[in-house]
Amino acid sequence: MEVYYTRCLIEGKPYLVAFDYGSDSIVLSKRLVEKLKLPTSFHPNQAWIKFSTEKFVKKVLCDIAPMDSSHLLLGWAWLRFKTLTPVQ
């Protein structure tokens with residue numbers, strides 16, 4: 001299992017993101033949802049999050065779960081959303 005860690009920006013602040021290519025999950029830390037007071041979607045355990053790296057901006061629907069390893073976990077499933085917006 002290969003996991004790579006980097007930083008991303010969420011609401012202009014840096015957070016830890018893990019890319020786990022052995023996983024099919026897109027998960028957002030419950031603690032981050034509470035800290036940023038993010039609204040949940042139609043399902044109470046999901047939330048939309050917009051994040052950016054040096055190369056792109058992305059908005060994805062994430063499951064919410066308690067986790068300490070990172071603030072955002074992106075499995076290979078997030079690559080299916082091919083609408084990456086390049087950073088200008």
Note on the stretch 1-25: residues farther than 16 Å from Phe51 by Cα and in contact (Cβ under 8 Å) with a residue 24 or more places away in the chain are Asp20, Tyr21, Gly22, Ser23, Asp24, Ser25
Name every residue in the stretch 1-55 that is of a type in the set (Asp, Glu) and under 16 Å from Ala65 (Cβ atoms), in order of residue number.
-> Asp20, Asp24, Glu34
Qualifying positions in the stretch 49-66 - over 9 Å from the mean Cα position of the chain (by Cα), under 16 Å from Leu36 (Cα atoms) and hydrophobic (A, V, I, L, M, F, W, C) | Ile64, Ala65
Report whether or not Ser41 is at pLDDT 90 or above and among the polar types (S, T, N, Q).
-> no
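Looking only at residues in the stretch 57-81 that are of a type in the set (D, E, K, R) and closer than 17 Å to Ala47 by Cα, which one is modelled with the highest pLDDT? Walk me through how you get there before you give the answer.
Kept after step one, since they are of a type in the set (D, E, K, R), are these residues of the stretch 57-81: 58-59, 63, 68, 80.
Checking the rest, the ones that are also closer than 17 Å to Ala47 by Cα come to 58-59, 63.
On the way: Lys58: 84, Lys59: 86, Asp63: 92.
The selected residue is Asp63.
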Return only the number of the condition from (1) within 20 Å of Glu2 (Cβ to Cβ); (2) of a type outside the set (Asp, Glu); (3) surrounded by 12 or more Cβ atoms within 10 Å (Cβ to Cβ); (4) at pLDDT below 80 that Leu84 does not satisfy.
-> (1)
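The values are calculated or read from the model by the stated rules, or taken from the named source; none is laboratory data. Predicted model, so just to flag it, every value in this text is computed and none were measured. FYI the Cβ positions are ideal-geometry reconstructions off the backbone, even for glycines, and counts take in every protein chain you see.
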